[in-house]
Amino acid sequence: MPCDKVLDFMDPDELNDFWHAISAWLAHRDVQLYDLRLPESHSPDEWLSEVWYTPLVSTAAPLPFARCLQRDTALSSAIDTYPHLACGQDCLGRDVMLKLVDTNSHQYSIFETLLRQLDCFSDPRTFPCVLPPLAIFDTPHNYAVVSMPMWASPVHIEDMRTVREVLRFMECLIRGLKFLHANRIAHRDIWEDNIVVNCYRLDHCLEHLREDLRQHRESGDVYYALMDYDQSIQHPANASLKYFRRPALEAMCGSPLYRPDDVCLGEPDYNPFAFDVAMLGNLFRAHCVEAVPAVPALAALFDAMTTRVQSQRFTAEEAWRFYTAETANLPHAVLDTTVQVCVNWSAINNPDVYWSIISPELQASWTHFRAPPRSMWSYILNWFIGFPRCCQFIVITRRALGI
């Protein structure tokens, strides 16, 4: 179907027609799409879009494939996806996701970079905790189909029950961000929907998956990975992770849920790598505070990842080194400490939420990592930004002066 870009496919039905048309072409490349048809229980006059129906059998496979927790089923199940995504199996019966990607996009370049390093994704010792492409199928047009292993989402952070499970989650995501930044890829959209776990069910039942995931975490074989590079940008190989700058407007993309304050006061530019680190740090602050009493060093890590003083903010590599140094020799009694994970939004804007739950002696030992409070200048500027005319003047002035 000749189109200039992915956005030229205007509606879900048009994309479904595309997947039907390309199915034989993909089959010649050893990918068999799931069955795509209308839901079985619908009235003739009801307008519905087609959905994917799962196969009855799946083949087990090592990394980078996820663990299929239900490899056979008596009935095919209907699953819905975003229109630019499709489900299928490769020639060995391993489940894959397929994504339509513009070839002149940053996302395509990122997939090419990851594909060149596919060997490191198959070894548990080197798995970099980002979801890799398995193949890129170029078409005669300005888009390609990218094949990826099927993993599952949501990861249900709130169901984690021990410090060990929380730390494993943090470890994987810091490792993943470190790998992306080593390849000069700024993710720019880190939040729960862009995190996957290495298990899934063939029937895609979310309720049963949640129960299975609790057991999978206890197995010690759990991996989490960052995914989705729709908003990501790959920068030059010589870009400094500490001092690289890009126009501030580029930060206004993706989910605002954990977006740091790096461009909220009319700043003319920002560091996309530091932005990623703070975004991940804010996710940790919202979900992992309950682990701080058992591992007080996490309070220091949270602040070092999110401090407003960007020159003092950890890079992903520095966060990784700090994390591994502070958690490498924790006793089993600490790792097995039970926690009740819940979302704590106040911790993002008030570090005292987690500093106050550790002793004054421990607070003092981590003082050099503690982020300074917001300056009076930032409060005043933030107040003026609230008025549209003032906001416009501040933004224009700061961009003109480069401050």
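For beta carbons closer than 6 Å, sequence separation of 6+ or different chains, a first residue in the range 112-126 that is over 19 Å from V146 (Cα atoms) and a second that is assigned to a helix (DSSP H, G or I), the qualifying pairs are T126/C120. Scanning the range 213-226 for residues being crowded, with 18+ Cβ neighbours inside 10 Å and more than 19 Å from the chain's Cα centre (by Cα) gives a total of 1.
Would you mind stating whether A286 is under 22 Å from D352 (Cβ atoms) and assigned to a helix (DSSP H, G or I)?
So A286 passes the test.
When the residues of the range 241-268 are filtered to those that are closer than 20 Å to D230 by Cβ and hydroxyl-bearing (S, T, Y), the one that is surrounded by the fewest Cβ atoms within 10 Å (Cβ to Cβ) is S255. In the range 341-352, of all residues being among the hydrophobic types (A, V, I, L, M, F, W, C) and in a loop (DSSP other than H, G, I, E, B), the one that is surrounded by the most Cβ atoms within 10 Å (Cβ to Cβ) corresponds to V341.
Taking L167, is it modelled with pLDDT under 95 and either over 12 Å from the mean Cα position of the chain (by Cα) or under 24 Å from S76 (Cα atoms) (or both)? For L167, the condition - modelled with pLDDT under 95 and either over 12 Å from the mean Cα position of the chain (by Cα) or under 24 Å from S76 (Cα atoms) (or both) - is not met.
Take Y224 and decide whether it is closer than 23 Å to S147 by Cβ and of a type in the set (F, W, Y). So Y224 passes the test. For the range 67-106, filtering for residues that are under 13 Å from M148 (Cα atoms) and more than 22 Å from the chain's Cα centre (by Cα) leaves 4. Note on the range 63-117: among residues that are outside any loop (DSSP other than H, G, I, E, B) and either assigned by TED's automatic domain parsing to the domain that holds D193 or of a type in the set (S, T, Y) (or both), the one that is farthest from L38 (Cα to Cα) is T113. Out of all the residues in the range 21-32, is one or more in a strand (DSSP E or B), touching a Leu at 6+ places or on another chain (Cβ under 8 Å), closer than 21 Å to V146 by Cα and modelled with pLDDT of 90 or more? Yes, because at least one residue in the range 21-32 is in a strand (DSSP E or B), touching a Leu at 6+ places or on another chain (Cβ under 8 Å), closer than 21 Å to V146 by Cα and modelled with pLDDT of 90 or more.
Taking each residue of the range 73-97 that is more than 14 Å from D203 (Cβ to Cβ) and looking for partners that are of a type in the set (D, E) and crowded, with 19+ Cβ neighbours inside 10 Å with beta-carbon atoms closer than 6 Å, six or more apart or interchain, yields Q89/D95; V96/D90. Within the range 298-340, the set of residues being assigned to a loop (DSSP other than H, G, I, E, B), in contact (Cβ under 8 Å) with a residue 12 or more places away in the chain and not aromatic (F, W, Y) comprises T307, R308, V309, R313, T315, L330, D336, T337, V339, Q340. Out of the residues in the range 118-133 that are in a loop (DSSP other than H, G, I, E, B) and of a type in the set (D, E, K, R), which is surrounded by the most Cβ atoms within 10 Å (Cβ to Cβ)? Per the criteria, the residue is D123.
With respect to (1) in contact with a Phe, Trp or Tyr (Cβ under 8 Å, 6 or more places away or on another chain); (2) part of a loop (DSSP other than H, G, I, E, B); (3) within 18 Å of A371 (Cβ to Cβ), the lone exception for L265 is condition (1).
Please specify each residue of the range 241-262 satisfying the condition of being assigned to a loop (DSSP other than H, G, I, E, B) and more than 18 Å from the chain's Cα centre (by Cα).
Correct list: L241, K242, Y243, F244, R245, D261, D262.
The values are calculated or read from the model by the stated rules, or taken from the named source; none is laboratory data. Just so it is clear, the structure is predicted and the values come from calculations on it, not from any experiment. FYI the Cβ positions are ideal-geometry reconstructions off the backbone, even for glycines, and counts take in every protein chain you see.
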